[in-house]
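The values are calculated or read from the model by the stated rules, or taken from the named source; none is laboratory data. These numbers come from a predicted model, not from an experiment. Please note: Cβ atoms are built from the backbone with ideal geometry, for glycine as well, and neighbour counts cover all protein chains shown. Note: areas computed on protein heavy atoms with side chains; ligands, DNA, RNA excluded. Shrake-Rupley method; radii C 1.70, N 1.55, O 1.52, S 1.80 Å.
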Amino acid sequence: MPATRTAVPRYRSHAGPALFRQGFRPFFLAAGLWAAVAVPLWLTVFHGGLTVPTAFDPVAWHGHEMIFGFGCAVVAGFLLTAIPNWTGRLPLQGLPLAGLFAAWIAGRVAVAASGAIGIWPAAVIDIAFVVLLMAAALREIVAGRNWRNLPLMLALLLLIGANVLMHLEVAGLADTAATGERLGIAVLAMLIGLIGGRVIPSFTRNWLVKRGASALPAAFGLYDKLCLLASLVGLAAWVGAPDHALTGAALLAAGALQLARLARWQGQQTLSEPLVWSLHLGFLWLPLGLLLLGLGVLLPMLLTQTAGLHALTAGAVGGMTLAVMTRATLGHTGRALKADAATAVIYLSVAASAAIRVAATALPEFYTALLWGSGLLWVLAFGLFVLRYGPLHLSPGPGAG
């Protein structure tokens with residue numbers, strides 16, 4: 001990400017639905033809806049109460065949709081909103097944005113119905129969304145000569161590769177679904193480490209300066225780069241050799257470094273503003289997830305890797321996406337950057353959901369009850385997000401053109 005930004009361009013006059021005026025609108029709203037629907041749907045399928053005509057087994061379908069459905073929708077909303085800031089070019093709006101959104105919807109339908117329409121048609125339809133997103137993002141970055149953000153295209157390429165790996169196993173060609181799932185999670189975790197490491201200290205600094213605080217977050221520097229490198233090494237090792245002792249050691253080192261990194265950002269001073277502390281709380285799950293994964297590798301008799309996996313997904317991905325989506329929605333629709341009580345409940349609910357889901361792995365005698373409890377809190381968090389912020393996505397907002 002660049003150190004400086006180009007001025008944000010004016011939006012084209014847009015007479016169509018407000019939903020397609022800005023990139024974050026359809027994708028953040030869809031991410032919230034799909035997160036709120038897919039988890040209880042999967043729980044019902046998992047416990048035999050419902051059948052979905054997908055070629056994926058229930059657990060693989062759940063993992064796939066959380067990464068490539070929910071997670072990639074958030075990535076799309078973020079990139080389509082951020083890239084115009086980076087390049088100074090006009091953003092994707094109107095019919096092109098609606099077309100890209102339709103590709104995302106088609107992917108969700110195709111995967112759910114893959115057992116009926118065929119594995120290969122479903123794979124092509126599903127994979128096409130991130131390919132189209134990458135093409136649109138790459139075009140803008142190249143046209144705007146914004147070379148510093150070109151590495152983000154590598155993240156999209158890796159997500160495409162991870163998705164391909166999952167579909168290959170469903171097609172019976174390779175035993176690669178678990179590797180694809182780990183790669184998808186690792187990419188999302190690295191994006192949180194990179195982007196969160198930029199925006200959290202920046203937003204926190206701005207908020208603290210307005211209140212005259214003397215202790216401010218550490219600026220991005222060499223230590224942050226060391227943390228990202230350590231995380232990259234640990235997560236790459238986990239993708240390729242998830243049970244090796246060196247992988248466990250690398251993950252523990254990365255988790256410890258990221259935990260110290262978070263402590264440098266003065267989160268303890270932000271407890272009066274949910275829009276700020278939610279970023280710190282969401283990021284906290286990244287080092288916790290790395291540490292739990294490392295312990296799961298080194299001490300499998302005491303802790304399974306599922307604990308770390310869900311700390312990274314339900315905790316880091318779930319918490320950070322809600323923190324970013326709420327803040328971006330308020331800011332980009334012209335509302336005041338101030339969280340209400342409902343927004344605070346959103347943040348606390350997703351954190352509690354993640355904590356209970358992690359605890360379920362260590363308490364097998366209460367597994368089913370904890371799984372449903374975590375799922376209900378997850379639905380509360382994302383359902384409340386849709387109810388509270390959905391109307392903002394659907395309305396033009398103050399001063400909209």
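For the peptides 279-286, 198-205, the ranking by packing is 279-286, 198-205, with the highest mean count of neighbouring Cβ atoms within 10 Å listed first. For the stretch 139-279, the solvent-accessible area works out to 44 Å² per residue, with a probe of 1.4 Å and every protein chain left in place.
Loop-located trypsin sites (Lys or Arg not before Pro) in the stretch 287-363 (DSSP state not H, G, I, E or B) with no more than 13 neighbouring Cβ atoms inside 10 Å: ARG335, LYS338.
Work out the FRET efficiency for ARG145 and LYS225 from their Cβ-Cβ distance, taking R0 = 30 Å, and round it to the nearest 0.05. Efficiency computed from Cβ-Cβ geometry: 0.80. Residues TRP147, TRP34, ordered by accessible area of protein heavy atoms at a 1.4 angstrom probe radius and largest first, appear as TRP147, TRP34. Within the listed set ILE117, ILE185, ILE125, the Gaussian network model of the chain (springs between alpha-carbon atoms below 10 Å) gives the highest mean-square fluctuation for ILE117.
Within the accessible area of the stretch 15-159, the carbon and sulfur atoms contribute 75%, probe 1.4 Å, all protein chains present. Near LEU41: Cβ cut-off under 12 Å, other residues only, Lys/Arg at +1 and Asp/Glu at -1. The net charge is 0.
When peptides 70-80, 346-356 are ranked by their average number of other Cβ atoms within 10 Å per residue, the highest-first order is 70-80, 346-356. Rounded, prolate or oblate: pick one for the stretch 91-186, where a ≥ b ≥ c are the square roots of the eigenvalues of its C-alpha gyration tensor, a/c under 1.5 means rounded, and failing that, prolate if a/b is larger than b/c, else oblate. Cα axes put the stretch 91-186 in the oblate bin. Using a simple spin-label model with pseudo-atoms 7 Å out from Cα toward Cβ, GLN268 and ARG335 lie 3.2 nm apart. Helices in the chain that qualify as membrane-span-like (whole DSSP H runs, Cα extent of at least 15 Å along the helix axis, mean Kyte-Doolittle hydropathy of 0.0 or higher) are 24-46, 72-87, 94-112, 119-143, 151-170, 177-191, 222-240, 245-263, 274-298, 318-332, 341-362, 367-394. Using R0 = 35 Å, the C-beta based FRET efficiency linking TRP120 and THR306 works out to 0.70. Note on LEU216 and THR44: with the Förster distance fixed at 60 Å, the Cβ-Cβ geometry gives a FRET efficiency of about 0.80. Peptides 308-317, 385-394, ordered by how many other C-beta atoms sit within 10 Å of their residues on average, highest first, read 308-317, 385-394.
Basic side chains Lys and Arg get +1 at the Cβ, acidic Asp and Glu get -1 at the Cβ, and with that the dipole of the chain about its Cα centre reaches some 1800 debye.
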